[in-house]
Amino acid sequence: MSAAAVKCGLAEDGPDGKGADYLDLDEARKLITALAALVTAAAPDIGNQHARSLRDGLRSLQLAFREASPFPDAPGEGPGEKFTGSVV
């Protein structure tokens, strides 16, 4: 989840440069989709309480991706949305 956030441009500025320098939406799309599949598949085993927290974080990443993208995907077509449904 942290790696996807960094690739969405959400990293903090540090001595190595600006957090936005790590923006890589292609990589973020792959990470978010993989995370969505993992959370969806694991939900029955980990229980609703834990899955809910992961889904909340995942939704935040999906919205951050949509905001960072110069050309947002159609509703239901964003990263991981085939597993989670549309976030907008």
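What the table shows:
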item: The chain - percent relative contact order, Cα under 8 Å, separation 6 or more; result: 30 percent
item: DSSP-assigned coil residues among GluC sites (Glu not before Pro) in the chain, each with at most 11 further Cβ atoms within 10 Å; result: E12, E77
item: Size of electric dipole in the chain: Cβ of Lys, Arg +1 and of Asp, Glu -1, about Cα centre, debye, nearest 20; result: 340 debye
item: Residues of type lysines that K82 reaches as a straight line, Cα spacing below 29 Å, ignoring anything fewer than 8 places off in the same chain; result: K7, K30
item: Charge-dipole axis of the stretch 2-83 as Lys and Arg at +1 and Asp and Glu at -1 on Cβ define it, positive-most pick from A36, A51, A68; result: A51
item: Within the chain, helix-based [θ] at 222 nm, where runs of 4 or more DSSP H residues each add -39,500 (n - 2.57), nearest 500; result: -19000 deg cm²/dmol
item: Nonlocal amide H pairs with V87, under 5 Å, H built at 1.01 Å; result: G76
item: Per-residue HN-Hα couplings for the stretch 68-82 [Karplus 6.51, -1.76, 1.60; θ = phi - 60°; Hz; x = Gly/Pro]; result: 6, 6, x, 10, x, 5, 5, x, x, 10, x, x, x, 6, 6
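Quick note: the coordinates plus some simple rules give every number you see, no bench work behind them. This is a predicted model, so every value here is computed, not measured. Neighbour counts run over all protein chains shown; Cβ positions are idealised from the backbone, glycine included.
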